[in-house]
Structures are given as structure tokens and as C-alpha cells.
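The values are calculated or read from the model by the stated rules, or taken from the named source; none is laboratory data. Please read these numbers as outputs of a predicted model, since none were measured by experiment. Here the Cβ positions follow ideal geometry from the backbone for every residue, glycine too, while neighbour counts run over all protein chains shown. Surface accessibility is based on the protein's heavy atoms, side chains included, excluding ligands, DNA and RNA. Shrake-Rupley method; radii C 1.70, N 1.55, O 1.52, S 1.80 Å.
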Amino acid sequence: SDGVNETTYYYTFYHDIEHHPAITNTLETIKKKMDQMYACVDSAVNVWRNWDESSGFWESTRKLQMEQLLENDPSCEHLVNQIAKFEGTSQIMRTIAESDQSVAPCEKGSFLTVGFISVNCTDVVIGISNQAVHWKFDYCQVLHSTAKIRMDTFSQTFGDFRKHLNVNPDNLEDLKFVLRIITQISDVNMDMELICLDIKERYESLKKYAMHIPAEEIERGISLGSEWRSLVNDSRTKDLRLLDVKGKFRDSTKTQAQMFCKRTFEEKRRFLDSGPGLSTISLDDGLKKLEEWKAILDQMRGEKLELQNAELLFGL
């Protein structure tokens, strides 16, 4: 018709089916259902996908973080809270991995079924659980290191006190030394009790979370308080047993103190009579005398300090 190509359309029953209301409604319903399933699957998978960003479980600087944490000497409470957190996370992930599927389609689970779509996240869940165990182990290592450092420091101090306390004084200097040790033990008693409690708490936490630490080390860390209290009792017993010896040297110290006071007045009079402040002494001679008197004064200051300490020890 006038050389123009015209397309011929043939209408069949397929066109009627395509536009049939029942068919179009069914297709629309299927599309909505599929969109809902895909959205639900994406939501469930995103929960796991976001673990790396939200939890930092796979933080590449984990080793550096642990080194810095050890340098900052963290409290036992902070370390135990972190260990408990990762222990709980690992147990939760293991529980999820052992279950067949989650209760609801969009909840977090190792095996998810939505309609005809199945998603198995077991390897992801186990990976998170294993990573939590690694973090827990790292924090346990920091806790063990801090506990060991504290216990070694305590043992050194305890050993020194025990060795010095066992000295049997047979002269005034030895008696002063032993009495000074007894006083020091009494002065640091409360601080050492708190240190023992802190060490005990750390080792009890390590024992609770099944760290591979020798049982002897754990038991000693827990029993340090008893060792310290035994030392305190021994020091008090030693002090009582030295009453007779202290009485003998108390009079001697009192006499020394009186003699020192008398000497002080004499040296003061001598300084005023022949010291560098006289108008008849030249500058050079005055400087020499000043150095001499400075040495005398330093010596007397040392004697004064010793006598003061002795008077405190003997209750004078």
C-alpha cells in the first residue's frame, strides 16, 4: 500500500493471558515476595558483614594494642571485663553455630532459610568465635604479665624484709637496723595487704578463665596475703622479744643525746669566739674557716639524724 512497509500484528490468546488480572496480580505478588526475601537475606548477611567494622575483631594493630596496654599497667578490673566480654562472645557464637537455624528469618543465625533461599553462615560464626578466643588469650597474657611482675616485686621486698628480720642484734647498730626494719614493715603493712589482694584477684581470674599457667604459680599468687601476714606477726614477735635489749640500749641512747646537746652548745660558743665571722680574720682565712665549719656542721647533722632515728626507735 503506497510502498510503505506496515507491521502486521497478530493477536493470540497469549496476549489475553498476559493482561489477565489474575495473572498480573500473581506476578506482582511473587515479585513482592522475592523482594522481601532478598531484603531479609541482605539484612541477615549484613549483620555478619558489619562485624569487622563494629567490633574490630580483625584489627591489624592488635599486637601493638596489647603492647601499649601492658605499658599502661591496666587495672585488674579492666582486663577481667575484656576477658569476660570475649569469652561471652565466643560462647554465644559457638551456641549459634551448633543450632540448626535461627528462630526468625532475619535474626542472626548460622543457617538461614527464607522461602527457597538458604544461607549457611556457620564458617563465619566459627571464625568470629575463634577470633574472640584469640583476643581473650591476648588479654589473659597481659593479665598474667602484670600479675607476674607484681608478684616478683613483692617477692623481692618480702625476701629482703625476711632476711633483715632474722638478724640477731648484738650491738647498738644491729639493734637500730632490726628496729628500723620492724618499723618499715609496720608502715607498709596496709599497702602490702592491698598489693596482695590485687595479685590474688589477678591469679584467681587467670585460674577461672583456664589459662595454661603452672598450678604452683597460681597457688602462690593466691596465698601471698598469708605469707605477708606471717611476716608481720613475726616482726611483732621480734619486737616484743627485743624489749630487754631495747631497755639496755635506751639508756645509752639517752646519754648520747644529752652529750650531743652539750656538744652543740660548745661548738656554737666556739664558732662565735673563733669562727669566720670575727673582724680580725682576713678574707682568705675566713673562707678556710668557713669550709672547716661546714664540714663540722655536716658531721653533726648526720649524728643528729642518727640520734633522732634512735630516739624514735626506742620511744624516747
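Here are the numbers for the structure shown:
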{"quantity": "Highest average packing first - 226-234, 299-307, Cβ atoms within 10 Å", "calculated": "226-234, 299-307"}
{"quantity": "Exposure of TYR209 as accessible area (Å², to 10), given a probe of 1.4 Å and all protein chains", "calculated": "30"}
{"quantity": "Segment 243-287 shape via C-alpha gyration tensor axes, a/c threshold 1.5", "calculated": "prolate"}
{"quantity": "Helical contribution to [θ] at 222 nm, DSSP H n ≥ 4, -39,500 (n - 2.57), averaged over the chain, rounded to 500", "calculated": "-26500 deg cm²/dmol"}
{"quantity": "Cα-only radius of gyration and Dmax that characterise segment 152-191, units Å", "calculated": "10.9, 33"}
{"quantity": "Taking the C-alpha atoms of the chain, convex hull volume expressed per residue in Å³", "calculated": "334"}
{"quantity": "Centre separation in Å (Cα based) which lies between segment 219-290 and segment 58-80", "calculated": "48"}
{"quantity": "Added length on full extension, which subtracts the Cα-Cα distance from 0.36 nm per residue, ASN166 to HIS134", "calculated": "6.8 nm"}
{"quantity": "Distance (nanometres) between label positions extended 7 Å along Cα→Cβ at LYS246 and MET300", "calculated": "3.1"}
{"quantity": "Surface share of carbon and sulfur [accessible, 1.4 angstrom probe, percent] for segment 157-238", "calculated": "52"}
{"quantity": "Three-way shape label, segment 185-314, alpha-carbon gyration tensor, a/c 1.5", "calculated": "oblate"}
{"quantity": "Linear extension gain, LYS207 paired with SER274, 0.36 nm per residue minus alpha-carbon span", "calculated": "16.7 nm"}
